[in-house]
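The next block holds one structure in the form of structure tokens; read it before the comments.
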DNA sequence: GGGATTATGCTCGTGCAGCGAGCATAATGA
DNA sequence: TCATTATGCTCGCTGCACGAGCATAATCCC
């Protein structure tokens, strides 16, 4: 190389730019003055950092609508119209979805396809195709991929999904697009991230998210960060032995909480055979209970108690500030909230009962996992490496002096 | 104030000094060259930072013993002989202990007193007295206080301790010494911190620590940081409903795991009345089982199964890399390891069974909670605020130019 | 309508901290 | 004795943020 190449490999200090960019991501309508205040920057630094971000095509400044307050009007700092985007994929029971997300979290209308009956390779090939179309449409603006999948994710692989009937599939590898970073996680984990960062648990230091579809998924969020353990499989609360110790679970263990709270539990309590589609069964029972069927009502009540009791135990163990519920958990909570709450309270240690963490419906019942996948994908964009690579892609080759 | 006081309130950039100081804390015998390599510093920066730390009386440099390797011999960077120390207090069932810890983690021989039968105020007054003696001996070298206490800690208070018979005591407030920061936590939490940072779980990204004395304490460690929830009460795994749903727990809930694994469980299984001192009862049963008493042996086996099964569930939910055991959990594991392991494995989800997280004895069965309290106290010293205050105490009043 | 008030934007000089090249130093080994 | 190896130290350089001072642009109030 030429002799003029001194100090090129040097680590760039981009802390300030990242702080500002993350703030813009979390508060899409912001101003320089707000940035300076919230991030503890001087106005001079704010000016300089915003100027650098503008030069990189990451943010734009436009005239802000007048607030009517005194003082020189500020300008709005917004995401750049041609700034970075990420792709978010969610693979669920019968369908998959693919959406593009912008800085600030805005999700474009997702593309959606049914995949029931297809083999994993077929499904993933279709999604990969769609991803390549997205890549073609957005070019280098597409920076990362977040994948949410219903099932247990460990070591970056989908190790087991009873819902999908898949086992040990390297979903991330099959969806990877050339140089883009991929993050993959369980759907409940992803939805929990969305709730903690922009949903019902916004601002909570520690939050517990509980989602029931078939079985229970969940996650603890610590300041918006999912605590997923050493391999990424953390949050499988459904396989805590809260249930009948003799009842075998498809997971291989016995007494799993899973078996006491979903469609399988409702069918069993009602004396019906194990359902082929537990989620639909659950919806049917909930409808009947809502319509006044006493047997259905009793079954829902029983499941509500099992749910509340388990959540009480989890709150004892994990000490969240708030508990968000989605899927069947939210539906049961709607229909039999008193039963859930009563069992929850009586499952709490005494000192917690005077001010228990509230149980709240999730803010994103439909697209939480897509939103969460987008958030985690953006985490890789809003990092030193992500900023460096954006800069490298945006600029022509660096010139030697 | 004088006009020369420009920029005094400015935040000092001390990242490099803190990085080096933390490295010295974790690796007490180090060298400049190692610091530069491990922290990614240039040798020039290492020189400068070490010089600054020396000037502040935080580290010393001495001739290192020759390694026999080629090259200019390096000098050892060690904690300063008159550098900062912290006090660590552990309040347990019958005694309390107070120890002084140095940078690097070395613990001086603890002072120990029995307190059985005394009221909380008396006990804490005695400890406070001892702390003031420590303060008198070490002066401003004493920088922080870490308190470990057996019981549930929430919001900085001891809210409930069945072991001590205390309820809602503001231990931290009663032990605070004038301006020093105080950190307080549950004894199992503190012991877990010690295991994760310097003990059996060193290097594990996520570790689960399980301690049984009376009931179960525990904690998840994430890269050495205790995940204690929103109020600090996280880790009360003993109050997960793994047990008989009808059995009432003194905590107010039912079916708690606590009741299935400690001296109370052993007594119940043996048909004995509830013991007054469950830990001694447990030790006695363990001795009889070790000596070959078949009834005792069967009871220990049963408890071993309850322990293993619960740990399996926790591993499913929390996904640690390793599980460390102490107290009665370690003793049961020694005596009935096969039963613990078998129940553990059969409680795991199938995909985990080919390579389950190992169950390991804790490295600090005796003084883990003291060591952990010292570690957390040192965290406050090895922070920007801690460094600033050390600088302020060490130097005379800043001069105005 | 015109100053007073309030708030934000911009420029510029300053300081800190770390980089890295080059040279000095101090051991081993042939 | 001199090459080799490794560390220590000096020094000029650079990136980044600070903060004072001034410019700018709105509303408020007489």
Shielding of B:349-356 by partners, i.e. mean partner chain Cβ atoms within 10 Å per residue?
6
Taking the convex hull of the alpha-carbon atoms of chain A and averaging its shadow over every direction gives an area in square nanometres of 24.7 nm²
Prolate/oblate/rounded label for region B:226-344 (Cα gyration tensor, a/c 1.5):
oblate
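So if R0 is 22 Å, what FRET efficiency would residue A:72 and residue A:23 give, r being the distance between their Cβ atoms, rounded to the nearest 0.05?
Details: r = 21 Å, r/R0 = 0.96.
With a Förster radius of 22 Å, E is 0.55.
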Using a 7 Å offset from Cα along the direction of the beta-carbon, what are the separations from residue A:106 to the same position in each other copy, nm, ascending?
6.2
Helix A:368-381 vs. chain A, principal-axis angle (Cα, 0 to 90°, nearest 10):
30 degrees
Test item: A:158-166 mean partner chain Cβ contacts at 10 Å:
1
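What is the packing order of peptides B:74-85, A:210-221, taking the mean over residues of other C-beta atoms within 10 Å and listing the highest first?
Peptide ranking by packing, descending: A:210-221, B:74-85.
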Considering Cα pairs under 8 angstrom that are at least six residues apart, work out the relative contact order of region B:203-361 and quote it in whole percent.
23 percent
Using a 10 Å cut-off on Cβ atoms, rank the peptides B:227-234, B:172-179, B:95-102 from the highest mean neighbour count down.
B:227-234, B:95-102, B:172-179
If the label for residue B:337 sits 7 angstrom from Cα along the Cα-to-Cβ line, what are its distances to the same label in every other copy, in nm to one decimal, shortest first?
5.3
Angle in degrees between helix A:43-55 and the longest Cα principal axis of chain A, rounded to the nearest 10
90 degrees
Modelled FRET efficiency - R0 35 Å, residue B:140 with residue B:64, Cβ distances, 0.05 increments:
0.75
Approximate spin-label separation residue A:168-residue B:177, in nm, with each point projected 7 Å along Cα-to-Cβ
5.8 nm
Roughly what angle does helix B:384-394 make with the longest principal axis of chain B, taking Cα atoms, 0 to 90 degrees, to the nearest 10?
50 degrees
For label points placed 7 Å from Cα toward Cβ, what is the shortest-first list of nm distances from residue B:70 to its copies?
7.5
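Which of rounded, prolate or oblate describes region B:153-249 when judged by the alpha-carbon gyration tensor and an a/c cut-off of 1.5? Could the numbers behind the result be given before it?
Numbers: a/c = 2.16, a/b = 1.05, b/c = 2.05.
Oblate shape, in that a/c is at least 1.5 and b/c is the bigger or equal ratio.
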Averaged over the residues of A:222-234, the number of partner chain Cβ atoms within 10 Å of each residue's own Cβ comes to 5
If I model a spin label at residue A:54 and residue B:47 as a point 7 Å from the Cα along the Cα→Cβ vector, what separation in nanometres do I get?
4.3 nm
At a 10 angstrom cut-off on C-beta neighbours, averaged per residue, how do the peptides A:33-39, B:287-293, B:301-307 rank from highest to lowest?
B:301-307, A:33-39, B:287-293
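Evaluate E = 1/(1 + (r/R0)^6) for residue A:246 and residue B:334, where r is the Cβ-Cβ distance and R0 equals 30 Å; express this FRET efficiency to the nearest 0.05. All intermediate terms of the calculation are to be shown ahead of the outcome.
Values: r = 29 Å, r/R0 = 0.97.
The pair residue A:246/residue B:334 has a calculated efficiency of 0.55.
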What distance in nm lies between label points placed 7 Å from Cα along the C-beta direction at residue B:225 and residue B:95?
3.5 nm
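From the Cα gyration tensor of the protein assembly as shown, with a ≥ b ≥ c the square roots of its eigenvalues, which class applies: rounded if a/c is under 1.5, or else prolate if a/b is larger than b/c, or else oblate? Present the calculation step by step, with values, prior to reporting the outcome.
Working: a/c = 1.72, a/b = 1.04, b/c = 1.66.
Cα axes put the protein assembly as shown in the oblate bin.
Every number in this text was worked out from the coordinates using simple rules, so none of it is lab data. This one's a predicted model, so the numbers in the text were calculated from it and none came from an experiment. Note: ideal-geometry Cβ built from the backbone for every residue, glycine included; neighbour counts use all protein chains shown.
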